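Heads up: the structure comes next, in structure tokens.
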Amino acid sequence: MKRFYICLAFLLLLVQPGIAAAADTTTTPERSGGSIYFETYPPGATIWLDNVEIGTSAFTYYFEKPGTFEVRVWKKGYESYTDTVTVEEGKRIVFTADLTPVTYDLTGETTPVTPVPTATTVRKSTLDIPTPWPTTTESPVDPALVIGAVALALGYSVIRRR
């Protein structure tokens with residue numbers, strides 16, 4: 001029981017400095033500039049800021065200098081979305097883009113379908129494929145050979161008894 005208390009005291013001494021160190025490292029200085037929170041409906045769209053890809057929604061992007069930027073949003077199966085956003089010093093802007101699904105008008109377009117004739121040639125193979133072991137259920141031994149072997153065995157046993 002004494003060993004238990006010694007181990008417990010040792011663990012408490014180890015844990016306390018770890019907590020104090022963690023408390024010191026969690027403080028972060030204030031950021032200068034501003035930030036934009038990008039969100040799209042549906043989520044998962046690619047975001048470009050001044051023609052530079054910066055990520056996939058939803059996420060927060062931080063700026064060091066405020067200003068006006070061109071935003072382009074793209075997702076497969078949806079129309080591209082373009083807008084501008086102004087970032088102010090020390091403020092967080094929420095940028096939301098509702099993407100419109102791409103629709104196709106298949107009734108207006110008619111493309112004639114013409115069959116293309118194709119020629120198919122089948123060549124006989126020149127490869128030699130090894131034959132597998134025989135899988136027949138018949139005995140490979142001739143019945144006359146079996147009868148002869150039995151007759152010899154009987155004859156031998158009769159001669160030995162005399």
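The values are calculated or read from the model by the stated rules, or taken from the named source; none is laboratory data. Every value quoted in this text rests on a predicted model; they were computed, and no experiment measured them. Cβ atoms come from the backbone with ideal geometry, glycine included; neighbour counts cover every protein chain shown.
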Conditions (1) of a type outside the set (S, T, N, Q); (2) surrounded by 11 or more Cβ atoms within 10 Å (Cβ to Cβ); (3) touching a strand residue (DSSP E or B) at 6+ places or on another chain (Cβ under 9 Å): number failed by Gly77: (2)
For region 31-54: of the residues being without any contact (Cβ under 8 Å) to a residue 40 or more places away in the chain and loosely packed, with under 14 Cβ neighbours inside 10 Å, which is farthest from the chain's Cα centre (by Cα)? Arg31
What strands (runs of 3 or more DSSP E) lie completely within region 46-115 and have 3 or more residues being among the aromatic types (Phe, Trp, Tyr)? 59-62
Taking interchain pairs and intrachain pairs at least six residues apart, which have beta carbon atoms under 8 angstrom, with the first residue in region 71-92 and free of Cβ contacts under 8 Å to residues at least 12 places away in the same chain and under 18 Å from Ala58 (Cα atoms) and the second among the aromatic types (Phe, Trp, Tyr) and assigned to a strand (DSSP E or B)? Ser80/Trp74
Quick check on region 25-42. Is at least one of its residues modelled with pLDDT of 90 or more and at positive phi? no
